[in-house]
Structures are given as C-alpha cells and as structure tokens.
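The values are calculated or read from the model by the stated rules, or taken from the named source; none is laboratory data. As the structure is a prediction and not an experimental result, all values here were calculated from the model. As a convention, Cβ positions derive from the backbone with ideal geometry for all residues, glycine included, and neighbour counts pool all protein chains shown. Heavy atoms of the whole protein, side chains included, go into the accessibility calculation; ligands, DNA and RNA do not. Shrake-Rupley method; radii C 1.70, N 1.55, O 1.52, S 1.80 Å.
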Amino acid sequence: MSIPRGAISAVRDAQHVFVLTGSGVSAESGVPTFRDAQSGLWAKYDPLQLATPDAFLNDPALVWRWYRWRRELAARATPNPGHLALVRLARFVPQLTLVTQNVDGLHQKAGSRDVVEFHGNLFENRCLNENVIVTDAAECVDVPLCPDCGGPLRPGVVWFGEAIPAKPLETAIAASSQCDLFLSVGTSSAVWPAAGLADSAASNGASIIEINLEATPLTSDSHYNLVGKSGEVLPELLDCLPL
Ligand code: APR
C-alpha cells in the first residue's frame with residue numbers, strides 16, 4: 001500500500017509514540033485472533049464463554065484444557081515482521097510505550113522491552129486464592145494447585161468482567177495522555193478500558209494512526225487509516241523513515 005506522507009511525517013517527528021496492539025498483530029504468526037472462529041476441538045466453544053471467572057469456577061479442567069491449547073499455539077508461534085517492525089520503531093523514536101492486549105508473549109519474543117501486558121500473560125499461573133504469580137506448580141494435573149495454599153491455580157490472564165491490574169492500567173493511562181502519536185495495530189477497539197486509551201491520547205492533541213484489515217469504532221476518529229496486514233504495513237511504514 002502507499003502510506004500517506006502525513007502518516008510518515010507523524011511517525012518521523014513523534015517524540016512519544018503510544019502503540020496499542022491487539023490479536024491482529026499476532027494473526028500472521030498463526031495465533032488466532034480472539035474473534036476468529038476457533039479451530040478443531042475448540043470450534044464449538046466461544047472464547048467469550050471460556051475466558052470468564054464463572055467458566056473457571058464451573059469447569060476449571062475445561063478452561064485449563066483451552067488455555068493449554070492456547071499456550072501450545074503461542075509457544076510454537078514466532079514473531080512476524082509486524083512485531084519486528086515495532087522493535088525497530090522503538091529504536092527510532094525518542095520514547096515508545098508498547099501496550100498489548102495480547103497474552104502470547106510475542107512482542108517480548110521479538111525483542112520489545114518494557115511491554116505493558118494489559119490483559120496479563122498466557123504463560124503465567126496465578127493462585128486463585130492468594131492472587132499471586134506461582135512459578136513452581138506441578139503442571140501434569142488437570143487443574144494445577146498452589147504449593148502454598150493448595151488452592152487451584154488459574155492462568156495469569158485478565159478474564160472478561162475482571163479489572164485490569166493496577167500497574168499496567170496506570171502506566172497505560174499516563175502514557176496515553178502524554179504521547180503525541182497513538183498507533184493502534186490489529187485491535188477491534190471494542191473492549192474497554194483499552195479501547196478508551198486512544199480517546200485520552202486524542203484529547204491531548206495526539207495524532208491517531210490505525211492499522212487494521214477493517215473499520216473499527218476508532219476508524220472515524222483516526223487521522224490515518226492504513227488498511228492492510230500489520231505484518232506488511234508496519235515494515236513498509238518503517239522503511240519510509242530515515243532510519
Ligand atoms: N493485521 C492487522 N489487523 C488484523 C490482522 C492483521 N493481519 N488480522 C486481524 N486483524 C484485526 C481484525 O480486523 C480485528 O479488528 O485485528 C482485530 C482483532 O480483533 P479482536 O479479535 O477483537 O481482538 P482484540 O482487539 O485484540 O480484542 C481485544 O478483547 O477479546 C478480548 O481480551 C481479549 O485482548 C482481547 C480484547
């Protein structure tokens with residue numbers, strides 16, 4: 001695609017870029033987006049019915065089977081050119097805050113640092129009772145148990161209806177109000193509070209660039225809409241910069 005000159009200038013001149021990514025940035029790594037139809041055994045399940053506290057309390061073994069399937073997918077996945085372009089961008093701009101809604105760890109695998117994981121991390125286990133990350137649990141059981149209190153462990157992700165952890169939320173809110181460029185990549189901009197971060201940036205005068213395959217609720221408020229695959233658009237955008 002030909003990238004508008006205004007979008008190139010906005011990135012070139014930016015002092016603080018806020019990047020918000022969603023599952024679309026991992027799609028070209030083979031990790032299904034949240035709203036893509038699930039495959040195989042999980043095709044009959046709706047993720048929105050599995051990623052909830054009630055689903056876990058109702059059938060923890062089923063939820064753990066789903067998350068183990070997702071962990072295997074993510075563990076096999078490799079960062080795509082979109083992830084790698086964001087690593088290059090962080091080296092080019094004076095300041096970059098990367099906030100991801102993804103839990104697959106692919107930004108870190110690509111080399112991004114200080115990634116703000118808004119919805120937690122797929123590979124972490126957390127004690128349901130003590131709400132602390134547990135690293136030494138036996139994995140070979142249907143529902144791993146906390147070695148400290150004996151209670152069930154849960155995947156270290158944020159489920160629907162749960163609050164965003166305080167630290168990532170504070171970091172993201174502060175950065176969104178200070179950035180001068182907000183880059184939304186591969187997210188449907190449908191889930192709050194992540195979807196509200198762009199409003200905070202815009203209300204402080206930031207330019208908004210959206211990279212997506214389709215229109216989202218953010219599209220009409222974006223200064224530039226780069227329609228295409230993030231694994232193609234992001235490298236092309238970086239290639240336009242005087243790196
Ligand atoms: N390049 C760019 N955008 C893409 C690509 C791609 N290759 N593939 C898909 N997309 C876009 C889709 O058009 C869609 O707008 O990525 C978006 C994915 O949207 P969702 O599946 O809703 O995922 P996401 O926006 O990350 O969801 C946000 O909601 O489902 C919960 O907690 C979950 O973190 C998730 C949050």
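Restricted to segment 103-133, and to residues there that are of a type in the set (D, E, K, R) and without any contact (Cβ under 8 Å) to a residue 24 or more places away in the chain, the residue that is nearest to the ligand (Cβ to nearest atom) is Asp114. Being within 12 Å of the ligand (Cβ to nearest atom), open to solvent by 20 Å² or more (accessible area, probe 1.4 Å), touching a residue at least 40 places away in the same chain (Cβ under 8 Å) and at negative phi narrows it down to one of Val233, Val191, Val157, Val185, so name that one. On inspection, the qualifying residue turns out to be Val191. Taken over segment 35-79, residues that are open to solvent by 20 Å² or more (accessible area, probe 1.4 Å), near the ligand (Cβ under 10 Å from one of its atoms) and free of Cβ contacts under 8 Å to residues at least 60 places away in the same chain amount to 1. Can you tell me which residues in segment 10-47 are of a type in the set (A, V, I, L, M), at pLDDT below 95 and either assigned to a loop (DSSP other than H, G, I, E, B) or farther than 29 Å from Glu232 by Cα (or both)? Correct list: Val31, Ala37, Leu41. Residue selection: Gly82 satisfies the criterion of being small (Gly, Ala, Ser), farther than 25 Å from Lys167 by Cα, within 16 Å of the chain's Cα centre (by Cα) and open to solvent by less than 10 Å² (accessible area, probe 1.4 Å). For segment 83-102, the condition holds for at least one residue, the condition being that it is within 13 Å of the ligand (Cβ to nearest atom), in contact (Cβ under 8 Å) with a residue 60 or more places away in the chain and assigned to a loop (DSSP other than H, G, I, E, B). Taken over segment 200-214, the criterion of being away from the ligand (no atom under 16 Å from the Cβ) and surrounded by 14 or more Cβ atoms within 10 Å (Cβ to Cβ) is satisfied by Ser200, Ala201, Ala202, Ala206, Ser207.
Here Leu153 passes the criteria (1) touching a Cys at 6+ places or on another chain (Cβ under 8 Å); (2) closer than 30 Å to Asp46 by Cβ; (3) at pLDDT below 95 except the one numbered (3). Kindly indicate whether Ser200 is in the same structural domain as Arg91 (by TED's automatic domain parsing), of a type in the set (S, T, N, Q) and touching a strand residue (DSSP E or B) at 6+ places or on another chain (Cβ under 8 Å). Considered against the rule, which asks whether it is in the same structural domain as Arg91 (by TED's automatic domain parsing), of a type in the set (S, T, N, Q) and touching a strand residue (DSSP E or B) at 6+ places or on another chain (Cβ under 8 Å), Ser200 comes out as no. Just to be sure before I move on: is Leu226 assigned to a helix (DSSP H, G or I) and either within 7 Å of the ligand (Cβ to nearest atom) or modelled with pLDDT of 95 or more (or both) in the structure I sent? Judged against the criteria, Leu226 is not a match.
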